[in-house]
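Everything below concerns the one structure shown next.
The values are calculated or read from the model by the stated rules, or taken from the named source; none is laboratory data. This one's a predicted model, so the numbers in the text were calculated from it and none came from an experiment. Reconstructed Cβ throughout: ideal geometry from the backbone, glycine too, with neighbour counts over all protein chains shown. Accessible surface is based on the protein model in full, side chains and every heavy atom, while ligands, DNA and RNA are left aside. Shrake-Rupley method; radii C 1.70, N 1.55, O 1.52, S 1.80 Å.
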Amino acid sequence: MAVCVSGSHTIFTSRSNLKTFAVLSREKKMGVQYDLKQGQSRNFHEFPSGLSMEVIVQKGAENSKNVEYPPLVFVHGSYHAAWCWADHWLPFFSSFGYDCCAVSLLGQGESDAPADSVAGTLQTHARDVADFICRNIRSPPVLVGHSFGGLIIQYYISNVGSGKLKEDLFPKLKGAALVCSVPPSGNSGIVWRYVLSKPITAFKVTRSLAAKAFQTSLPLCKETFFSATMEDHVVKRYQDLMKESSRMPLFDLRKLNASLPVPSVANCPFEILVLGAKDDFIVDEEGLKETAKFYGVSPVCVEAVAHDMMLDVAWESGAEVILSWLNGLDK
């Protein structure tokens, strides 16, 4: 890989699936900073609107088999940003030869915020991901989405078509992995199931997420996102990053629910992995099954891991399932 430095721009060029990418010097938006790991760079993709989206990039290691792996594009959920993939999963997958890009949706992380009360809609977030892929990824990528990021990917999937216009707007994919994803009908069904069968859990989830109590209560943050064995100082670090990441709500949930379910897909032309966590405090087993049934696949549920599978103490468990699935895709 060649690195050329000119003023505030660092241009990366290589034989990889990523096009030339600029690293820009910008004023920091998050009061708590995430320090990148070795081999990672913080870049910014500029939209036609002039707004810029943060992208953390880690290129794949050279592989002796001379095989071209599909690039991986990671999409976070509410209260998170690109950093949530950078601690563990970007180094893990890049070590196996995969070029990795994790985006921060508008209004989150170090990305610019639109002139609105919320960051966007299901449609605008999916279109932003598509715009990034259009202009930065050379070959069909695999999308990996967590929680509400999984729902955004589901909307993207519903727009991938064989027509030229759709291909221009929503480029073809190699595959998609939905991790602890909000199901196609949204989270209202999950909430009502909790209200009827687990009222205490329903109260905690509502207080934690809707009232943002996870930002001030360390025990509630741990219960919501992580395993009980996660050390408190690690939870505190992530709690601080989550609080700083979401400068504005990702969606207007009322409008979002009115736009659901996402359109169904007939004869999806690529593989979809639906991956859940046994100890997920947010997405229940029925929600996992709903997503899997929607795409006609069998869900995979990982034991002893919580909702934030990519950050939890047993983060390798989910990563290894995805790696095995990736190895099964046609290269």
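Among all residues of segment 226-240, there is none that is among the acidic types (Asp, Glu), open to solvent by 40 Å² or more (accessible area, probe 1.4 Å) and closer than 30 Å to residue 174 by Cα. Collect the residues in segment 181-204 that are open to solvent by less than 20 Å² (accessible area, probe 1.4 Å) and either over 30 Å from residue 158 (Cα atoms) or in a helix (DSSP H, G or I) (or both), keeping them in residue-number order. Listed by number, the residues that qualify are 190, 194, 202.
Would you point out which residue out of 147, 217 is open to solvent by less than 40 Å² (accessible area, probe 1.4 Å), at pLDDT 95 or above and touching a Gly at 6+ places or on another chain (Cβ under 7 Å)? Answer to the selection: 147. Only one of the numbered conditions (1) without any contact (Cβ under 8 Å) to a residue 40 or more places away in the chain; (2) part of a helix (DSSP H, G or I) is violated by residue 115, and that is (2).
Restrict the check to segment 241-264 and report whether at least one residue is part of a helix (DSSP H, G or I), under 25 Å from residue 320 (Cα atoms) and hydroxyl-bearing (Ser, Thr, Tyr). Within segment 241-264 (the criterion being part of a helix (DSSP H, G or I), under 25 Å from residue 320 (Cα atoms) and hydroxyl-bearing (Ser, Thr, Tyr)), the answer is no, since none of the residues qualifies. Determine whether residue 266 is over 26 Å from residue 111 (Cβ atoms) and modelled with pLDDT under 95. In short, yes. Residues in segment 83-102 that are open to solvent by 30 Å² or more (accessible area, probe 1.4 Å) and of a type in the set (Gly, Ala, Ser): 95 only. Scanning segment 271-298 for residues that are surrounded by 17 or more Cβ atoms within 10 Å (Cβ to Cβ) and hydrophobic (A, V, I, L, M, F, W, C) gives 272, 273, 274, 275, 277, 281, 282, 283, 288, 292, 294.
Go through segment 65-82 and give me each residue that's closer than 30 Å to residue 32 by Cα and open to solvent by 10 Å² or more (accessible area, probe 1.4 Å). Give the steps one after another, and end with the answer.
Residues of segment 65-82 that are closer than 30 Å to residue 32 by Cα, as a first pass: 71-82.
Matches in segment 65-82: 78, 79.
Under the condition of being open to solvent by 70 Å² or more (accessible area, probe 1.4 Å) and small (Gly, Ala, Ser), the residues counted in segment 26-64 number 2.
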